[in-house]
Amino acid sequence: MKLNNWQIAGVLGFGAALVAVGMGSCVSIPKGAQAVKPFNKDQYLGKWYEIARMDFKFEKGLSNVTAQYDTQGNDAIKVTNRGYSAKENKWKESTGKAKPAGNADEGRLKVSFFGPFYAGYNVIAMDKDYQYALVAGNNLNYLWILSRQTTIPDAVKQAYLEKARNLGYEVDKLIWTKHDKSK
């Protein structure tokens with residue numbers, strides 16, 4: 001059977017759409033990890049300072065990293081990440097959106113900075129006052145330690161490192177974020 005160019009384009013377009021839909025709904029949590037429950041989205045909103053992260057290309061070389069979470073209507077959350085690039089001598093900012101990835105009372109969100117493509121954002125540890133958080137991505141390549149201040153108590157830090165280590169994270173590869181600028 002011979003296909004015309006428009007038929008080939010249609011098949012390829014349909015295949016690309018299936019891949020995009022599949023990738024857009026690929027939101028998971030690392031094996032053995034459990035999201036915080038109960039989770040109060042409204043208490044989680046506001047500014048967080050990144051204390052440490054598993055490095056990846058979108059944050060490579062950034063210091064003074066913060067994340068701001070604001071209500072965007074319904075269950076949606078506006079996410080604004082900022083960081084300072086010493087190499088470029090400028091602030092960088094990226095805005096995205098987050099939505100619950102399951103039950104609203106569970107610390108599982110799906111976050112997107114690129115259109116319909118979402119990634120897992122799983123709050124796996126949190127103090128009762130919502131001052132410190134341990135956040136896991138889809139897999140063991142993504143991990144963040146967050147605080148409402150630019151520092152974190154050593155006891156909290158050690159507890160979060162132990163939890164991450166027990167899940168299989170290579171915590172010695174964490175980048176400890178420097179906070180020495182303000183804007």
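Side notes on the structure shown:
- Distance-filtered residues of segment 34-70 - backbone nitrogen under 11 Å, label point 7 angstrom along T150 Cα→Cβ: 64-65
- The chain: angle of helix 154-167 to the longest principal axis, Cα-based, in degrees nearest 10: 30 degrees
- Considering the chain at the alpha-carbon level, its Rg and Dmax are found to be 18.6, 68 Å.
- Debye, to nearest 20: dipole size of the chain, +1 on Lys, Arg Cβ, -1 on Asp, Glu Cβ: 420 debye
- Computed helical MRE - 222 nm, the chain, DSSP H runs ≥ 4 contributing -39500 (n - 2.57), nearest 500: -6500 deg cm²/dmol
- K41-S28 pseudo-label distance in nm [points 7 Å out on the Cα-to-Cβ vector]: 2.5 nm
- As a calculated quantity, the FRET efficiency between L140 and S85 at R0 = 30 Å, using C-beta atoms, amounts to about 0.70.
- With respect to the chain, whose longest principal axis is taken over its alpha-carbon atoms, helix 5-24 is tilted by about 20°.
Every read-out reported here was derived from the displayed coordinates using simple, explicitly stated rules and does not represent laboratory data. Here the structure is a predicted model, which means the values were calculated and not measured. Cβ coordinates were reconstructed from backbone atoms using ideal geometry, including for glycine residues, and neighbour counts include every protein chain displayed.
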